[in-house]
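Structure first, commentary second.
The values are calculated or read from the model by the stated rules, or taken from the named source; none is laboratory data. Bear in mind the structure is a predicted one, so any value in this text is a computation, not a measurement. All Cβ positions, glycine included, derive from the backbone under ideal geometry; neighbour counts span all protein chains shown. SASA here: full protein model, heavy atoms, side chains in, ligands and nucleic acids out. Shrake-Rupley method; radii C 1.70, N 1.55, O 1.52, S 1.80 Å.
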Amino acid sequence: MEEVDCIVIGAGVVGLAVARACALAGHETIVLEAESAIGTGTSSRNSEVIHRGIYYPPGSLKARLCIQGHQALYAYCETHGVPHWRCGKLIVATDDQQLPTLKALAANAKASGVDDLQWLTAPQAQAQEPALRCVAALHSPSTGIVDSHGLMQALQGDLEAAGGMLALCSPVVSGSADGKEGVVLQVGGTQPMEIRARWLINAAGLQATAIAAKLAGIPADTIPKLRLAKGNYYALSVASPFSHLIYPVPVKGGLGVHLTLDLGRRARFGPDVQWVDDIAYDVDPARADSFYASIRQYWPQLPDGTLHADYAGVRPKLAHTGPGDTDFVIQDARTHGVNGLVNLYGIESPGLTAALAIADEVVLRLT
């Protein structure tokens with residue numbers, strides 16, 4: 001049986017960041033990825049935004065790790081040559097009824113330690129973005145975008161330079177996690193193997209709950225129920241008049257149909273929230289019809305017929321019965337009773353921004 005110090009399941013941005021941190025801490029580390037390439041799921045199917053930490057409840061893991069990760073990610077991009085752009089973001093109220101929500105967002109961000117937001121009147125916002133229609137806006141100057149694939153390639157490079165390994169096409173079939181002699185996994189693929197590790201980090205994203213259910217020894221009642229929120233994106237076929245990201249006030253389940261820009265300054269809109277039972281990445285061109293009305297609340301001059309199906313992502317939401325959105329779940333032996341096992345559940349937005357901070361948090365829990 002193969003033996004290593006640490007196994008990370010999942011080679012998305014969070015799994016690679018965790019594996020890198022483990023390897024840099026001196027642990028012999030291997031990443032198991034079921035697909036044939038890194039980052040084929042949520043990590044490469046999102047808005048690629050470097051978030052500031054505005055939306056999340058103060059004291060939550062999302063708030064703390066987003067703010068820490070935001071600073072760490074910019075520094076990492078600078079030192080590793082990862083393409084990024086600190087373009088800034090405007091969160092806009094398009095009528096007076098939305099002003100209390102916008103003010104509450106500003107207060108929430110301040111309570112979390114976000115200290116660089118600026119309140120803009122309509123003329124001030126329109127001076128920055130003449131095509132914008134709003135009654136007020138919050139300006140987040142340090143929000144940005146990042147090349148998510150370039151980031152994952154850099155993380156993989158660091159992992160391998162520190163002696164870590166990546167095993168693609170290596171799905172986890174089953175395992176035993178009694179916490180006494182480490183965790184044992186049966187791995188499928190073209191070269192099936194059995195492997196034991198002192199520590200196991202389940203960073204499988206959309207598959208994290210399914211992976212946990214395959215591990216004997218994990219109490220079933222500690223595995224949360226997964227909900228799948230599909231988000232569809234539509235590309236703009238004409239030049240965008242905007243130089244900032246433009247976000248409406250949040251809606252239930254997401255941040256509204258917002259405008260983001262890629263590093264080539266191409267504009268796209270989304271995601272919406274479409275609750276689905278199965279993971280699928282097809283985009284229905286007809287759903288674009290409902291986007292026009294939402295976008296025209298802040299960009300009235302959006303031309304007809306200029307939105308085209310682009311791509312879709314699926315967010316790993318966790319089912320819950322309480323009010324508000326669910327937090328990240330970083331679950332260790334204090335919850336499930338298995339020493340050496342950390343499960344990462346519900347790592348949706350701002351998981352990309354928070355990836356390096358999540359990795360540091362996981363390493364702390366292993367020691």
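Any idea what the dipole of region 1-55 comes to, in debye rounded to 20, about its Cα centre with Lys/Arg Cβ at +1 and Asp/Glu Cβ at -1?
440 debye
Quick one: of K110/K317; K214/K317; K62/K103; K103/K225; K89/K317, which pairs are farther than 22 Å apart, Cα to Cα?
Long pairs (Cα-Cα over 22 Å): K110/K317; K103/K225; K89/K317.
Taking 7 Å along the Cα-to-C-beta vector as the label spot, tell me the A25-R265 distance in nanometres, rounded to one decimal.
The two pseudo-label positions are separated by 4.4 nm.
What share of the DSSP beta bridges in the chain is antiparallel, in percent to the nearest 5?
Just about 65 percent of them are antiparallel.
Given H placed 1.01 Å from N in the peptide plane, which residues other than close sequence neighbours of E35 have an amide H under 5 Å from its amide H?
Residues meeting the amide H criterion: C169, S170.
All other residues with a Cβ under 15 Å from the Cβ of T335 taken together, and with Lys, Arg as +1 and Asp, Glu as -1, what is their net charge?
-2
Go ahead and collect, in residue order, the members of region 148-188 whose backbone nitrogen is under 17 Å from a label point 7 Å along the Cα-Cβ direction of S36.
Under cut-off, by backbone N: 167-171.
Whenever you get a sec, compute what percent of the accessible area on region 73-175 sits on carbon and sulfur atoms (1.4 Å probe).
Its accessible area is 55 percent carbon and sulfur atoms.
May I ask you to compute the full-extension gain from D304 to A131, defined as 0.36 nm times their residue separation minus their alpha-carbon distance, rounded to one decimal in nm?
Value of the extension gain: 60.7 nm.
Give the shape of region 104-243 as rounded, prolate or oblate, defined through the alpha-carbon gyration tensor: a ≥ b ≥ c are the square roots of its eigenvalues, a/c under 1.5 means rounded, and otherwise the shape is prolate if a/b is larger than b/c and oblate if not.
prolate
Given points 7 Å out from each Cα along the Cα-Cβ axis, report the S240 to E194 separation in nanometres with one decimal.
5.2 nm
On the principal axes of its Cα set, how long, how wide and how thick is region 246-367? Give whole Å, largest value first.
Extents along the principal axes, in whole Å: 57, 33, 27.
Place a label point 7 angstrom from the Cα of L168 along the Cα-to-Cβ direction, then list the residues of region 5-35 whose backbone nitrogen is under 20 Å away.
8-20, 29-35
So for K225, K317, K214, what's the accessible-area order with a 1.4 Å probe, most first?
Putting K225, K317, K214 in descending order of accessible area: K225, K214, K317.
Under 5 Å between amide hydrogens, which residues at least 5 positions from I50 or on another chain qualify, with H placed 1.01 Å from N in the peptide plane?
When sequence neighbours closer than 5 places are left aside, the close amide H contacts are G144, I145, V146.
Quick one: work out the % antiparallel among DSSP beta bridges in region 1-155, nearest 5.
So the antiparallel bridges in region 1-155 amount to around 75 percent.
For the chain, what is the accessible area per residue in Å² when the probe is 1.4 Å?
41 Å²
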